[in-house]
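Working notes, structure below.
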Amino acid sequence: MNAFEMKHVNQTFGTGSAEVQVLHDVNFSAQPGTLSLIMGPSGSGKSTFLTIAGGLLTPTSGTVTVNGTDYHDRSKKERDALRLDEIGFILQTYHLLPYLTVADQLKLVTKVKPTGNLEPEALKQVLATLGIQDLLHKYPGELSGGQQQRVAIARALYPDPAIILADEPTAALDGERVKVVAQLLKTLAVQHQKAVVVVTHDARLVEAADQLYHMQDGVLTKAS
Amino acid sequence: MFLALKELKKEKLRSGLMIAMIVLISYLIFILTSLALGLARENTAAINQWGAQRIALNSTANTDLRQSFLTQQQVGKLSQKEALIGETSVVAKASGHKQLSATFIGLKSHQFIAQNLKLAGGRPVRHAYEVVADDSLKRAGYHLNSQLKLNDTAQKFTIVGFTKNAKLNISPIIYGQLTTWQSLRNMVNGPVGSAIVSKDSHYKTTQKGVKVYSKQQVINKLPGYTAQNMTFMLMIGFLMVISLIIIAVFLYILTMQKLPNYAVLRVQGIPSKVLVGATISQSVLLVLSGLAIGALLTAITAIIMPAAVPMAFDLTILGAVGVGLLIMALLGGLIPVRSVLNVDPISVIGG
Ligand SMILES: Nc1ncnc2c1ncn2[C@@H]1O[C@H](COP(=O)(O)OP(=O)(O)OP(=O)(O)O)[C@@H](O)[C@H]1O
Ligand SMILES: [Mg+2]
């Protein structure tokens, strides 16, 4: 089964002469255990794609299904819950709450979603893989950019989502770091059976991808 | 609550400043309220202590006790529930003491005011040239059997007793006999008193030239009383509004700074409810701690404040003021809630 599927999605902004079509009949699916990479130049519609994928924006037309349920059939509240449960967002800017320690960033998830999160053992494992197991009592302000990003990744993984959506996760990183993050995303997909969807214009990630797509002026095409 | 507490803990300086501000505002409001209440009590303590319900004055006196004179005919026959009083302002003098402005109230010893007067020492007045004084005269150095002159009388008066809460229009009362009042006023053959005080709320009189007022009507006409109360009410009201604005502005700024973070939380599926809860509980926490410290300072002030300062600390009234401040803070806290609800998660996706 597809963890995530988009069918005939169109997105237009504005009306009349100001109308722009940002996505044209986008069809996309992602399976658990795979890393999908969507490459495209600036302004091609990548972020719009992610916004729709996360249920934050209802497309002008077309359907989006997550684990078999259509966003359309869900209330705003249920979509919030779905994002919390099933979708881990990794944003380009990691924006961790400055007044929560790393441990508290994770605790916040428990407060809102008491069950279905990673078991303590599994969490330990993730933190160790990310190399942040010793940073639990630090505030974001005391961490380097790379460390903050790894915390943001841990934060996204903690609710044990089926799907990981990442927006330009490597934009601010140097070559060495890019390899580490690419490796990590790959590990997530393969070892944890997540459907990982990464949107980027960073060609350095291509090697890690199982599926490669190109986005050009809102048209998504699959590369071989 | 989790978020609010964590934030207060991390941002100690910021929260500290905010709390300090609320402490100052609430302390100021508490003190002003106590002062207003204290002054109001010193204006009305005696009238309240008498248990007056209705007060009959000369109808041409403009509801002013000081301007009212009643003739024997106007007074007529009084029941057990009425008492005739004579009021005049006096200056008490005694060698070795500063001059002291006071209010002389002449009473008839068989009527209810004299009968019910609670003494804090000494005995009731039995003869002319004997007086019972407010115990603030003790603070001025007088004691039982002290002698004093009233105005420029040749005769000396002896303090035979003290009583508490004998204050009218912020000046201490010296109680004596009604005949003494007549001689102090040089009206031996004229009016017999200033007012009829009744503890019967249905008291009426048919005498010409006499009008019956409620206790509150007379109190409101005490010199300066209404103006004073209005001034305090206005100050307290303004402070309430100012605190509302300050708290609203600060919470607004604090919240605005967090909106990008909140947008990320929204992307992650944290419900708006949680974020709104954090904002509101943050304002409640800040204001409650501010109020608590403000109340503590007020309590300390109440203990160390000299008795001469007219301050009255009434828990119910201060409690109501505290609740008022809390409501103001909650209203102030609601303003940023709007922006929290309107946080657009899409704004943090992109780049
Ligand atoms: N709310 C909106 N209203 C109107 N036009 C929009 C809106 N959001 C996006 N667009 C337009 O849609 C197009 C695609 O935007 P999008 O942010 O998806 O691009 P992107 O591929 O993420 O670019 P980048 O690599 O620079 O982040 C752009 O031309 C943009 O101007
Ligand atoms: Mg973008």
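The values are calculated or read from the model by the stated rules, or taken from the named source; none is laboratory data. Everything quoted here is computed from the prediction, not taken from an experiment. Neighbour counts are summed over all protein chains in view; Cβ atoms, including those assigned to glycine, are modelled from backbone coordinates with ideal geometry. Heads up: the accessible areas ignore ligands, DNA and RNA and are worked out on the full protein's heavy atoms, side chains in. Shrake-Rupley method; radii C 1.70, N 1.55, O 1.52, S 1.80 Å.
Put A:124, B:156 in order of accessible area, highest first, and with a 1.4 Å probe you get A:124, B:156.
In nm, what is the difference between 0.36 nm times the number of residues separating residue B:327 and residue B:292 and their Cα-Cα distance?
11.1 nm
Normalised by 2.2 N^0.38 Å, with N the number of residues, the alpha-carbon radius of gyration of the stretch A:139-186 equals 1.16. When the surface is traced with a 1.4 Å probe over the full set of protein chains, residue B:241 keeps roughly 70 Å² accessible. In the context of the full set of protein chains, residues of the stretch B:1-124 present 48 Å² of accessible surface per residue (probe radius 1.4 Å, heavy atoms only).
Positive contributions from Lys and Arg (+1) and negative ones from Asp and Glu (-1), summed over other residues with Cβ under 12 Å from the Cβ of residue A:213, come out at +1. Only helices reaching 20 angstrom along their own axis (Cα) with mean Kyte-Doolittle hydropathy no lower than 0.0 count here, and for the DSSP H runs of chain A these are A:175-192. Considering helices alone, the calculated mean residue ellipticity of the protein assembly as shown at 222 nm is -14500 deg cm²/dmol, with DSSP H runs of length four and up weighted by -39500 (n - 2.57) and normalised per residue.
Across B:226, A:101, the residue with the most accessible area heads the list, and the full order at a 1.4 Å probe is B:226, A:101.
Using heavy atoms of the protein chains and a probe of 1.4 Å, the accessible area assigned to residue B:108 is about 80 Å². Once both labels are positioned 7 Å from their Cα atoms along Cα-to-Cβ, the gap between residue B:1 and residue B:62 label points is 6.0 nm. Relative to the longest principal axis of the Cα atoms of chain B, the long axis of helix B:272-304 lies at roughly 30 degrees. Rg ratio for chain A: its Cα radius of gyration over 2.2 N^0.38 Å, N being its residue count, equals 1.01.
Straight-line cross-link reach from residue B:108 at under 12 Å between alpha-carbon atoms covers these aspartates and glutamates, not counting any fewer than eight positions away in the same chain: B:82. Computed over protein heavy atoms with a 1.4 Å probe, the carbon and sulfur contribution to the accessible area of the stretch B:46-225 reaches 45%. Based on alpha-carbon atoms, the Kirkwood radius and the radius of gyration of the stretch B:46-225 give Rg/Rh equal to 0.95.
Here the stretch B:1-141 was treated as a single set of alpha-carbon atoms; its pair distances binned every 5 Å from 0 give 2, 7, 11, 14, 14, 11, 8, 6, 4, 4, 5, 5, 5, 3, 1, 0 percent.
Against the main long axis of the alpha-carbon atoms of chain B, helix B:315-341 sits at an angle near 20°. Accessible area per residue (1.4 Å probe, heavy atoms of protein chains only) ranks B:349, B:280 as B:280, B:349, with the largest value leading.
Using only alpha-carbon positions in chain B, the gyration tensor eigenvalues give semi-axes of 59, 22, 14 Å once each is multiplied by 5 and square-rooted (largest first). Compactness of the protein assembly as shown is given as radius of gyration and Dmax, 39.7, 124 Å, from Cα positions. Restriction of the trypsin sites (Lys or Arg not before Pro) in the stretch B:173-230 to DSSP coil positions whose beta-carbon has at most 12 other beta-carbons within 10 angstrom yields B:204, B:208.
A Förster radius of 51 Å combined with the Cβ-Cβ distance from residue A:58 to residue B:24 puts the calculated FRET efficiency at roughly 0.55.
The calculated FRET efficiency for the pair residue B:91 and residue B:118, based on their C-beta separation and a Förster distance of 30 Å, comes to about 0.70. The stretch B:135-190 and the stretch B:274-351 have Cα centres spaced 48 Å apart.
Across the stretch B:46-225, the mean sequence separation of Cα contacts (distance under 8 Å, 6 or more residues apart), normalised by length, yields a relative contact order of 38 percent. If you take all other residues with their beta carbon under 13 Å from the beta carbon of residue B:107, and give Lys and Arg +1 and Asp and Glu -1, the sum is -1. The distance between label points at residue A:142 and residue A:210 comes to 3.9 nm (points 7 Å beyond Cα on the Cα→Cβ vector).
Rounded to the nearest 0.05, the FRET efficiency derived from the C-beta distance between residue B:138 and residue B:216 at R0 = 41 Å is 0.85.
Using only the alpha carbons of the stretch A:120-162, what is the convex hull's orientation-averaged projected area in square nanometres?
3.0 nm²
Heavy-atom accessible surface of residue B:79, to the nearest 10 Å², is about 60 Å², with a 1.4 Å probe and all protein chains retained. The distance from the alpha carbon centre of the stretch A:36-115 to that of the stretch B:51-128 is 81 Å, rounded to a whole number.
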